[in-house]
Amino acid sequence: GIRDRAVTGVQTCALPILIEVLPLVRQFADDIDLHVVWVADRAAYDEMTNRLHGPLSKMIVDTNYYLKMPASTYSGRHFLVVLEPMLSPAETNARIYGTNYVVVASPKNGEIPMQLVRHAYLHYEIEPLLYAHENSMDRMQPILKVAQEAPLSFEFKSDLVSLVIECMIRSIEARTMDTGVPAVRVPPNVPRGDMGPYDRAKSQAEQQRDAIRQQAVNHDMTQGYVLTQYFYNQLRAFEKNPESLDEEIGPMVYGMDVDVEIHRAKHITFDAQ
């Protein structure tokens, strides 16, 4: 079969259904002379693709810069973004076909929900890393029991690896989120003795950013992603070290004090929905 993952959940569709529908699609395309329609509209598609290529490339480069990993780490795997303006811009779907991750998005006012596309890209980058350590997560199974009362989908309540992956991704999103707090700009040629007010302003701005990020983590925790705080704390140290995430992810998993995380989760008041 084909794994079919929406951005907010997972569904499964049977491959035979797709095989049976293909002859009907081909006949439909011939009946309406679809090729002529495509030739007439292709320029608009190309213009849309060219306009969004830059922002998509920047998102991938920035993400891999944070992970300290090259974009081509895994041979034989592909991440593809399909732009289709005839779909609803309110829906963004990410599907996994074997080792190929495909995101389907429809632009609205010339933009796509880049945060959702990035979420799918983080799945593409991080899933192989954590599945490589799947056996070492057996001792973490009791965490699933604590999360049963949370408003999570069945996948995250029944599959520990899926829960761990989602928690790590959400911790990365919190650490790298745009908090909206502007950077403090220091005028040029300010004497060192006059830097005090600027240093205090920088410190206050960073405290505001930390508070906003922590609010995002708290929300994820009350939604049931109970390991988000753990990985969020681990990423603080990761950001200061030269090692890449594929080098650090093992120690993060092996070094987890499961009892501490279970205790933390037991004191969470989960959201009702």
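Please find the FRET efficiency linking His219 to Lys145, where r is the Cβ-Cβ separation and R0 is fixed at 30 Å, and quote it to the nearest 0.05. With a Förster radius of 30 Å, E is 0.85.
Compared with the direct C-alpha span, the chain from Val25 to Ala90 gains 20.9 nm at full extension, assuming 0.36 nm per residue. Residues of the range 204-228 with amide nitrogen under 16 Å from the 7 Å Cα-to-Cβ point of Val181? Within reach of a label on Val181, which here means backbone N under 16 Å from a point 7 Å along Cα→Cβ, the range 204-228 contributes 204-218.
Helix hunt in the chain: which complete DSSP H runs extend at least 30 Å axially by C-alpha with mean Kyte-Doolittle at least -0.5? Once both thresholds are applied, what remains is 34-67. Can you give the longest stretch of the chain with no exposed loop site, where a site means GluC sites (Glu not before Pro) in a DSSP loop (not H, G, I, E or B) with at most 15 other C-beta atoms within 10 Å? Segment 92-242 is the longest. The alpha-carbon of Lys108 sits under 20 angstrom from the alpha-carbons of these lysines, leaving out residues fewer than 8 places away in its chain: Lys58. Taking label positions 7 Å along the Cα-Cβ direction at both Gln208 and Lys68, the computed distance is 3.0 nm, reported to one decimal.
Working note: 222 nm ellipticity from helices only, DSSP H runs with n ≥ 4, each -39,500 (n - 2.57), summed and divided by the residues of the chain, gives -19000 deg cm²/dmol to the nearest 500.
Normalised per residue, the accessible area of the chain is 58 Å², obtained with a 1.4 Å probe and no contribution from ligands, DNA or RNA.
Compute the Cα gyration tensor for the range 119-273, then decide on rounded, prolate or oblate, letting a ≥ b ≥ c be the square roots of its eigenvalues: rounded whenever a/c is under 1.5, prolate when a/b is larger than b/c in the other cases, and oblate in all that remain. Because a/c hits 1.5 or more and a/b exceeds b/c, the range 119-273 counts as prolate.
How about Lys145: which lysines have a C-alpha closer than 30 Å to its C-alpha, ignoring those fewer than 8 places off in the same chain? Partners found: Lys157, Lys266.
Taking 0.36 nm per residue of sequence separation and removing the Cα-Cα distance, the Lys266/Glu111 pair yields an extension gain of 51.7 nm.
With all protein chains in place and a 1.4 Å probe, the accessible surface of the range 181-269 carries 49 percent carbon and sulfur. The overall shape of the chain is oblate: from the C-alpha gyration tensor, with semi-axes ordered a ≥ b ≥ c, the ratio a/c is 1.5 or greater and a/b is no larger than b/c.
The values are calculated or read from the model by the stated rules, or taken from the named source; none is laboratory data. All values reported here derive from a predicted model rather than from experimental measurement. Every residue, glycine among them, receives a Cβ derived from its backbone with ideal geometry; neighbour counts consider all protein chains shown. We work out accessible area using only protein heavy atoms, side chains counted, and drop any ligands, DNA or RNA first. Shrake-Rupley method; radii C 1.70, N 1.55, O 1.52, S 1.80 Å.
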